[in-house]
Amino acid sequence: VHKVVVDDAKTILADTVIVSTGASAKWLGLPSEQKYNGFGVSACAVCDGFFFKNQDVAIVGAGDTAAEEATYLAKLCNKVYMLVRRDEFRASKAMEKRVLNTPNIEIIYNSETQEILGDGKNVTGVRILNNKTQEESELAVSGFFVAIGHKPNTDIFKGWLDMDETGYIITKPDSTATKIEGVFVCGDAQDKIYRQAVTAAGTGCMAALEAERHLAEKEYA
Ligand SMILES: Cc1cc2nc3c(=O)[nH]c(=O)nc-3n(C[C@H](O)[C@H](O)[C@H](O)COP(=O)(O)OP(=O)(O)OC[C@H]3O[C@@H](n4cnc5c(N)ncnc54)[C@H](O)[C@@H]3O)c2cc1C
């Protein structure tokens, strides 16, 4: 029997548990980023890129995800400014090459986002600082994508379930089973690759079937 404590107030005893606590995008932490979230600011190019078809956008980040999202946006958008904080990429060489070979991506190295600009309703631009020269400049964009990583909401399972170095829960191959019998995990808490509603629903279905099978094997159901 597994014990789940909810809000330090309620204790549930269960024969099987499905963890589906998701993951949260990392944000820059600017007030303007919050203000325009959903009105030009997004943390998911695959989800929201289409709304910026033929427009100019900026994406911040320098890892593989940022590089992949920048090339995805480049297929839809007129121009993609890629804002890289250092003077080099963190992405793999292969991804970096893809970005460098995409004509409508302009990489701006040594750039830090100071403020996301807007008209009170939607994003209209971004103010950036060159951290080498301390020069400020503005880019006119209608979309601002943040691709600096995700954090799975799995801290509460630390010490109980196996995780990778970034906190994604490790499941058995082709399964949602964890190392604890009867405990399954689905969705973004265990998926650092796709992070989509449809894949979360798919692994959710897998977890439900596996939980049911587990109960049947134990003759609980
Ligand atoms: C802005 C945005 C747009 C998106 N657009 C799309 C799209 O167009 N298409 C698409 O396929 N995907 C999209 N996604 C991704 C999609 O939303 C996620 O992949 C999906 O919701 C993951 O499902 P999940 O059940 O794993 O986690 P979530 O939907 O994140 O649900 C996790 C839940 O667990 C709760 N929780 C967390 N910690 C605890 C805790 N300790 N105790 C109790 N509850 C907890 C959270 O409050 C939340 O309710 C988008 C995501 C964002 C942020």
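Side notes on the structure shown:
- Rounded if a/c under 1.5, otherwise prolate or oblate - region 27-146, Cα gyration tensor axes: oblate
- Cleavage-rule hits, trypsin sites (Lys or Arg not before Pro), region 188-221, DSSP coil, Cβ neighbours within 10 Å at most 12: Lys218
- Between the amide H of Cys77 and those of Asn54, distances stay under 5 Å, these residues lying 5 or more places away or on another chain, with hydrogens modeled in the peptide plane.
- Within straight-line reach of Lys3, meaning a Cα separation under 12 Å, sit the following aspartates and glutamates at least 8 residues removed in sequence or on another chain: Asp15.
- Of all DSSP-defined beta bridges confined to the chain, some 55% are antiparallel rather than parallel.
- In degrees, nearest ten, helix 197-217 long axis to first principal axis of the chain (Cα): 10
- Figure note: Glu210, Glu106, Glu88, Glu165 ranked by solvent-accessible area, largest first, 1.4 Å probe, ligands and nucleic acids not counted: Glu165, Glu88, Glu106, Glu210.
- In order along region 25-33, the phi-based Karplus estimate (6.51 cos²θ - 1.76 cosθ + 1.60, θ = phi - 60°) of 3J(HN,Hα) comes to 5, 7, 10, 6, x, 8, x, 5, 5 Hz; Gly and Pro are listed as x.
- Couplings 3J(HN,Hα) for region 55-67, derived from phi with the Karplus relation 6.51 cos²θ - 1.76 cosθ + 1.60 (θ = phi - 60°), are 10, 9, 9, 10, 10, 10, x, 9, x, 4, 5, 4, 5 Hz, where x marks Gly and Pro.
- Packing, as the average of other Cβ atoms within 10 Å across residues, places the peptides 6-12, 89-95 in the order 89-95, 6-12, highest first.
- Calculated on the alpha-carbon coordinates, the convex hull of the chain measures out at 154 cubic angstrom per residue.
- When Asp119, Asp174 are compared by accessible area of protein heavy atoms, the largest-first order is Asp174, Asp119, using a 1.4 Å probe.
- Taking 4.7 Å between C-beta atoms as the pairing limit, the chain has these partnerless cysteines: Cys77, Cys186, Cys205.
- The phi-based Karplus calculation (6.51 cos²θ - 1.76 cosθ + 1.60; θ = phi - 60°) puts the 3J(HN,Hα) values of region 94-106 at 5, 5, 4, 4, 4, 5, 4, 8, 9, x, 8, 9, 10 Hz, whole numbers, x for Gly and Pro.
- Residue-level accessible surface for Val46, protein heavy atoms, 1.4 Å, Å²: 70
- In the chain, the portion of solvent-accessible area held by carbon and sulfur atoms comes to 51 percent [1.4 Å probe, whole percent, DNA, RNA and ligands not counted].
- Residue-normalised convex hull volume from the C-alpha trace of region 146-221: 98 Å³ per residue.
The values are calculated or read from the model by the stated rules, or taken from the named source; none is laboratory data. Owing to the predicted nature of the structure, the values given are computational and were not obtained by experimental measurement. Every residue, glycine as well, gets a Cβ built from its backbone with ideal geometry; the counts of neighbours run over all protein chains shown. The protein model used for the area step is the full one, side chains on, heavy atoms only, and it has no ligands, DNA or RNA in it. Shrake-Rupley method; radii C 1.70, N 1.55, O 1.52, S 1.80 Å.
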